[in-house]
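Working notes for the structure below.
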Amino acid sequence: MPGYHHGALREALLAAAEALLLEQGVDAFTLRACARRAGVSHAAPAHHFGDARGLLTAFATVGFERMAALMQRHRDAAPPDPVLQLQAVGQAYIDFALANRAHFQLMFGSDRLDPGDAQLAAAGQATAEMLGQAMAAVMADRQLPPASLPQRLLLAWSAVHGYATLVTEGQCNGLFGLSPDNPQAAQAAGAAMLALLGPALAA
């Protein structure tokens, strides 16, 4: 077994989990296969994560944390106009999904996660709050009725999540020529969609 220290072993197991999820999908995921991929003993993943659900939950939690951080960086880099900042947050959502397909698909589409895990819930809430804050800023700037926030937020989330899901699952290959294998084209198409959506959400 490699001479990992505690933190490095955890990261090695998470990296192995990502590789396996991309290759085989979540249904075929096992702790034993993850340990073998990481080059550690079969007991190592259980020591850190308990069971497969624990490891997958930790992996999804890291995904939400990285997505929230990317949203913040995109928003900080955007011009001060609230609509452009909302678009930047949406672009971060798309960019994350394209660059982290295994994370994205597990975060939103698996029953193998522990829904009662506090860290997973907090990380997921952080991403929701990033989008909610950006949408609320648009509404305050345009003096829109606060009661419409849930509907506008649901539309914004549906658009970026739906687009990211269609691309990462290969559903846009034929009709639009967009695929996760060409992230630059998919990012550009997403930006064009957001440029249309942003003003609509602010209307």
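What follows draws every value from the coordinates through simple rules; no lab data is involved. Just so it is clear, the structure is predicted and the values come from calculations on it, not from any experiment. Glycine gets a Cβ as well: all are built from the backbone with ideal geometry, and neighbour counts include every protein chain shown.
Computed over the stretch 64-124, the range of Cα coordinates on each principal axis works out to 39, 23, 15 Å, biggest value leading. When the Cα atoms of the stretch 1-50 are aligned to their principal axes, the ranges along those axes come out at 29, 16, 16 Å in descending order. A simple charge model with +1 on the Cβ of Lys and Arg, -1 on the Cβ of Asp and Glu and nothing else charged puts the dipole of the chain at about 100 debye relative to its Cα centre.
Within a Cβ distance under 14 Å of M130, other residues only, what is the Lys/Arg minus Asp/Glu net charge?
-1
This model, with +1 at the C-beta of Lys and Arg and -1 at the C-beta of Asp and Glu, gives the stretch 1-50 a dipole about its Cα centre of some 180 debye.
Pairs of Cα atoms nearer than 8 Å and 6+ residues apart set the relative contact order; for the chain it is 21 percent. Within the shell of other residues whose beta carbon sits under 11 angstrom from the beta carbon of R101, the net charge comes to -3, with Lys and Arg scored +1 and Asp and Glu -1. The orientation-averaged projected area of the convex hull spanned by the Cα atoms of the stretch 45-148 comes to 7.5 nm². Post the alpha-carbon centroid distance, the stretch 55-83 to the stretch 94-144, in whole angstrom. If we compute the Cα centre of each part, the gap is 8 Å. Our helix-only sum for the chain, with -39,500 (n - 2.57) per DSSP H run of n ≥ 4 divided by its residues, gives a mean residue ellipticity at 222 nm of -25000 deg cm²/dmol. Listed by number, the DSSP H helices of the chain that run 15 Å or longer by alpha-carbon position along their axis and have mean Kyte hydropathy of at least -1.0 are 6-24, 52-77, 82-99, 118-141, 149-168, 183-201. Have a look at L194, L106, V83 and report the one farthest towards the positive end of the charge dipole of the chain, computed about the Cα centre with Cβ charges (Lys/Arg +1, Asp/Glu -1). Going by the Cα projections, it comes out as L106. Recomputing P(r) over Cα pairs in 10 Å bins from 0, in percent from the coordinates shown identifies the correct label among (i) 9, 36, 35, 16, 4, 0; (ii) 9, 32, 31, 20, 8, 1, 0; (iii) 8, 31, 35, 17, 6, 2, 1, 0 as (ii).
Gain on full extension, evaluated as 0.36 nm per residue between A46 and N173 minus their Cα-Cα distance, stands at 41.8 nm.
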